[in-house]
1. Select from the stretch 138-157 the residues that are at pLDDT below 90 and over 21 Å from E236 (Cα atoms) and write down the one among them that is farthest from ligand 2 (Cβ to nearest atom).
2. Within the group R268, R220, R211, which residue is farther than 25 Å from T120 by Cα and part of a loop (DSSP other than H, G, I, E, B)?
3. Name, by its number, the condition in (1) more than 17 Å from the chain's Cα centre (by Cα); (2) surrounded by 14 or more Cβ atoms within 10 Å (Cβ to Cβ); (3) under 27 Å from T142 (Cα atoms) that does not hold for M264.
4. Examine the stretch 229-250 for a residue that is farther than 22 Å from A58 by Cα, modelled with pLDDT under 95 and more than 16 Å from ligand 3 (Cβ to nearest atom), and state whether such a residue exists.
5. If you scan the stretch 125-154, which residues turn out to be aliphatic (A, V, I, L, M), away from ligand 4 (no atom under 16 Å from the Cβ) and not in a helix (DSSP H, G or I)?
6. Go through the residues of the stretch 181-194 one by one and say whether even a single one is within 15 Å of ligand 1 (Cβ to nearest atom), of a type in the set (A, V, I, L, M) and surrounded by 21 or more Cβ atoms within 10 Å (Cβ to Cβ).
7. Out of the residues in the stretch 223-238 that are part of a loop (DSSP other than H, G, I, E, B) and in contact with an Asp or Glu (Cβ under 9 Å, 6 or more places away or on another chain), state the one that is surrounded by the fewest Cβ atoms within 10 Å (Cβ to Cβ).
Amino acid sequence: YSAKRRQCGSMTYEASLDAGSQESLSLLTELRRAVENNELRLFLQPKVDLKSGAVISAEALVRWEHPQRGLVPPMEFIPFAEQTGFIRQLTAWVLAESAHALKLAQGHGFDLRISVNLSTRDLLDQDLPTKIDQLLAGYSVTPQGLCLEITESAIMDDPQRALQTLERLSEMGFKLSIDDFGTGYSSLAYLKRLPVNELKIDKSFVMAMERDLDDARIVRSTIELAHNLGLTVVAEGVETGKAWKLLAELGCDEGQGYFISRPMPTPRFFEWLQGWQAPDLSGETLDTAFA
Ligand code: C2E
Ligand code: MG
Ligand code: MG
Ligand code: MG
């Protein structure tokens with residue numbers, strides 16, 4: 001592999017994977033072993049309706065419980081998995097675990113959807129829709145229970161092919177979401193044509209909007225744009241009660257962030273869900289400049 005610079009969310013990840021590189025070879029071996037030895041963990045983070053506070057879905061976020069290094073965050077191995085093609089196996093694992101979690105949720109009487117992140121490599125795989133279909137059938141879960149999150153950059157890598165895959169996934173009944181909106185180089189001409197249902201405003205804007213008027217304006221315009229295109233809009237990075245209140249005021253539909261909860265292992269997520277109560281935000285005052 002040649003050295004390659006890739007945009008991953010707001011971070012620039014630089015990987016130099018030389019063909020014989022000892023380090024990258026051993027990381028790939030370790031990742032393969034991680035799947036075999038059950039070292040991957042599925043974490044779930046709730047997404048709530050900002051008006052009622054009800055939990056309507058959860059995002060599946062993978063972690064690697066490394067025997068020596070402890071809990072490894074996804075940004076330390078997802079870009080690598082993407083470059084080596086290992087991401088397809090990883091995505092299959094996440095989808096299977098998510099289908100299983102969805103079954104468990106239904107068993108607990110919870111009516112929610114689970115969102116799974118897809119990467120560029122997944123989206124360019126022509127057989128992806130068929131593979132997902134077969135995988136879900138094994139869990140007797142229908143596509144309606146799942147949402148697939150795709151970043152703008154993944155779509156713009158090969159828009160024609162991405163559009164074809166997304167159209168098939170949409171016809172099959174999956175909900176589709178554009179992740180990290182505002183950080184990629186998406187074209188509005190494509191956005192209009194994509195069969196997506198949801199747009200997620202990147203957390204960088206949401207986390208800055210309380211102190212930076214420009215970020216607040218970007219958030220407000222994105223909510224308006226999404227609604228004008230008939231999309232549900234979700235804010236990532238809701239870290240304060242004030243942010244929740246401001247977003248609700250601006251008409252944002254859903255929120256996800258540390259103020260609500262950090263991502264949790266599946267069993268913990270169900271416990272949390274049982275005890276969840278929408279917070280009282282009446283004490284939060286909003287700066288008139290923002291609202
Ligand atoms: P993402 O899909 O945009 O996921 C949201 C990220 O924001 C998660 O980071 C989440 O923990 C974090 N987050 C949520 N609320 C807050 C908040 O209030 N404040 C802050 N500071 N952060 C918040 P995480 O779990 O580290 O994942 C990072 C990225 O790794 C994800 O971004 C996604 O692009 C990728 N990723 C994670 N799991 C998977 C996976 O199973 N497959 C693929 N392809 N990518 C994944
Ligand atoms: Mg996501
Ligand atoms: Mg995101
Ligand atoms: Mg993000």
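The values are calculated or read from the model by the stated rules, or taken from the named source; none is laboratory data. All figures in this text were calculated on a predicted structure; none of them were measured in a lab. Glycine also receives a Cβ, built like all others from the backbone with ideal geometry; neighbour counts cover every protein chain displayed.
1. S140
2. Residue meeting the stated conditions: R211.
3. Of everything listed in (1) more than 17 Å from the chain's Cα centre (by Cα); (2) surrounded by 14 or more Cβ atoms within 10 Å (Cβ to Cβ); (3) under 27 Å from T142 (Cα atoms), M264 misses just condition (1).
4. yes
5. Selection gives V141, L146.
6. no
7. G237
Yes/no matrix, rows are residues, columns are (1) closer than 27 Å to A54 by Cα; (2) away from ligand 1 (no atom under 14 Å from the Cβ); (3) touching a helix residue (DSSP H, G or I) at 6+ places or on another chain (Cβ under 9 Å); (4) aliphatic (A, V, I, L, M):
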{"position": "Q83", "(1), (2), (3), (4)": "no, no, yes, no"}
{"position": "R113", "(1), (2), (3), (4)": "yes, yes, yes, no"}
{"position": "D133", "(1), (2), (3), (4)": "no, yes, yes, no"}
{"position": "D158", "(1), (2), (3), (4)": "no, yes, yes, no"}
{"position": "Q164", "(1), (2), (3), (4)": "no, yes, no, no"}
{"position": "G173", "(1), (2), (3), (4)": "yes, yes, yes, no"}
